[in-house]
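Trainee: Here it is: the structure, laid out below.
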Amino acid sequence: MKKLALITGGAGFIGSHLAERLIYEGYHVVALDNLSTGNRDNLIHLLNHPQFELVIGDISVEADLAPLVEQADIIFHLAAAVGVRLIVDNPLESMMTNIRGTEMVLEQARKWNKRTIVASTSEVYGKNAKVPYTEDDDLVYGNTTKTRWSYACSKAIDEFLAIAHYRECGLPVTIVRYFNTVGARQSDQYGMVLPTFVNQALCGEPITVHGEGTQRRTFTHIADTADATYRLAMNENSAGEVFNVGGSIEISIMDLARKIIERTNSSSTIQRIPYEEAFKNNGFEDMQRRVPDCSKLDKKIGYKPRYSLDNMIDSVIEYYQPVERRAALA
Ligand SMILES: NC(=O)c1ccc[n+]([C@@H]2O[C@H](COP(=O)([O-])OP(=O)(O)OC[C@H]3O[C@@H](n4cnc5c(N)ncnc54)[C@H](O)[C@@H]3O)[C@@H](O)[C@H]2O)c1
């Protein structure tokens, strides 16, 4: 009998790619999603697949969640209000989704003792200036009046909850801290930098760089993220542990903007926007560098990122090309 995987947030960017991987590995996949930031179109190629089902529902509604957890052999909890921009614009609803929603998923998983993977984020490291981040580093946050920290805090609470479920109840749960993941189907609507820049470049609009653009980031191709998530999930020895999942190539945001202009052959200019303007005076604080140490992940599952930054940019460019141009490229 085929095993059943439940992906909360399965209509989202990472969830839709993970669904493909799980189906390929022989799983039946149920995606539970309220389509708040996710999209049915992300799953258009799977909707008629015999191993796939999309359930429109909410992780915070027990009647939606409980029967699916009961049936599942494994749960990938990805549903969340994602990204600092969304949280800054809708702090209350976002925190409720991230904290209460995760609490409900873990409670149901505990009830049936189901293998669970919880998606966290590099944001949990906050403004710790150490480079690179290892999983047991301190988490350093700003004041509660600065809304941007509530995303990091809500995800840190998710991690505390998951670890407590492991230690007190023996729930086989693993936490993955994703660093900037990019690729096809990532929305440009919630401030994710790479799809935003690519879209601006393709439309010939100014590329909007926040601050000086000297902040540096690493990026991970979605295929590497989905692969690491799947292989960690299959490794029962990873229960109770936290793993960074990220890339190794670092680039400044200004250089990223330049590279995207070059690869799209765009006439766009680069426009610097002060943080106060971009985030409407929410006291935005940004990190200068955010680099993962993935040696723990490498040791556990033999992880090496396989894609160059150019590959990643090109896959986003291809995704955002007008349909007729995409067809010509295929
Ligand atoms: N993409 C990244 O670079 C990145 C980086 C760090 C962490 N993450 C984490 O990975 C996970 C997936 O992120 P993503 O990039 O695919 O974002 P996404 O917005 O594409 O996916 C999140 C999905 O959750 C769904 N959702 C939100 N609230 C829900 C609710 N209450 N009930 C049911 N579904 C709900 C959304 O509709 C969406 O489909 C998130 O937990 C996020 O915090 C992503």
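Trainee: Measuring from centroid to centroid over Cα atoms, what is the spacing of region 145-180 and region 206-243 in Å?
Mentor: When both Cα centres are located, 15 Å separates them.
Trainee: So for each of 178-186, 58-66 I average, over its residues, the number of other beta carbons within 10 Å; can you give me the resulting order with the highest mean first?
Mentor: Output ranking for 178-186, 58-66: 178-186, 58-66.
Trainee: Right, something else. Using a Gaussian network model on the chain with a 10 Å cutoff between Cα atoms, which of Met192, Met287, Met312 fluctuates the most?
Mentor: Among Met192, Met287, Met312, the largest mean-square fluctuation in the Gaussian network model of the chain belongs to Met287.
Trainee: Only Lys, Arg, Asp and Glu count, each charged at its Cβ (+1, +1, -1, -1), so figure out the dipole size of region 87-149 about its Cα centre, rounded to 20 debye.
Mentor: It comes to approximately 200 debye.
Trainee: Which entries of Lys127/Lys155; Lys2/Lys114; Lys155/Lys304 show an alpha-carbon separation above 19 angstrom in the structure shown?
Mentor: Going by Cα-Cα distance, Lys155/Lys304 fall outside the 19 Å limit.
Trainee: Give the residues of region 50-66 whose amide nitrogen is closer than 18 Å to a point set 7 Å from the Cα of Ile301 in the direction of its Cβ.
Mentor: none
Trainee: Another one. Express in % the proportion of alpha carbon pairs of the chain at distances exceeding 25 Å.
Mentor: Of the Cα pairs, 50 percent sit more than 25 Å apart.
Trainee: Using the Cα centre of region 25-71 as the reference point, and only Cβ charges (+1 on K/R, -1 on D/E), how large is the resulting charge dipole? Debye, rounded to the nearest 20. Walk me through the numbers before you get to the answer.
Mentor: On the way: 1 positive and 8 negative charges, 34 e Å.
Value, rounded to 20: 160 debye.
Trainee: Hey, another quick one. Under the definition of Cα pairs under 8 Å and six or more residues apart, what whole-number percent is the relative contact order of the chain?
Mentor: Contact order relative to length: 17 percent.
Trainee: As a test of understanding, state the convex hull volume per residue of region 1-73 from its alpha carbons, in Å³. Intermediate results must be reported in sequence, preceding the final value.
Mentor: Numbers: hull volume 5.5 nm³, N = 73.
Per-residue hull volume (Cα only) is 76 Å³.
Trainee: Which helices of the chain meet both criteria: a Cα extent of 24 Å or more along the helical axis and a mean Kyte-Doolittle score no lower than -1.0, with helices taken as whole DSSP H segments? Can you show the working numbers first?
Mentor: Details: long enough: 149-169 (29 Å, 0.03).
Those that clear 24 Å and a mean of -1.0 are 149-169.
Trainee: Residues with amide H under 5 Å of Ile207's amide H, sequence separation 5 or more or different chain, H placed in the peptide plane at 1.01 Å from N; which?
Mentor: Thr269, Ile270, Gln271
Trainee: Give, as a single signed number, the net charge of other residues whose beta carbon lies under 11 Å from the beta carbon of Gly57, with Lys and Arg counted +1 and Asp and Glu -1.
Mentor: -4
Trainee: Rounded to the nearest 500, what is the 222 nm mean residue ellipticity of the chain from helices alone, with -39500 (n - 2.57) per DSSP H run of 4+ residues and division by all residues? Write down the numbers at each step before the final one.
Mentor: Numbers: 13 runs with 130 residues, N = 330.
Mean residue ellipticity, 222 nm, calculated: -11500 deg cm²/dmol.
Trainee: Quick check: Cα centre of region 249-303 to Cα centre of region 106-134, how many Å?
Mentor: About 22 Å separates the Cα centre of region 249-303 from the one of region 106-134.
Trainee: Continuing with the same structure: May I ask you to order 114-125, 210-221, 141-152 by the average number of other C-beta atoms within 10 Å around their residues, highest value first?
Mentor: Peptide ranking by packing, descending: 114-125, 210-221, 141-152.
Trainee: For region 153-288, what does the relative contact order come out to in percent, with C-alpha contacts under 8 Å and a separation of six or more?
Mentor: Worked out over region 153-288, it gives 34 percent.
Trainee: Treat every Asp and Glu Cβ in region 46-130 as -1 and every Lys and Arg Cβ as +1, leave all other atoms uncharged, and give the resulting dipole magnitude about the Cα centre to the nearest 20 debye. Provide the component values of the computation, followed by the final result.
Mentor: Values: 8 positive and 11 negative charges, 98 e Å.
So the dipole magnitude of region 46-130 works out to roughly 460 debye.
Values in this text are rule-based calculations from the coordinates and carry no lab data. Predicted, not measured: the structure shown is a model, and the values here were computed from it. Neighbour counts are summed over all protein chains in view; Cβ atoms, including those assigned to glycine, are modelled from backbone coordinates with ideal geometry.
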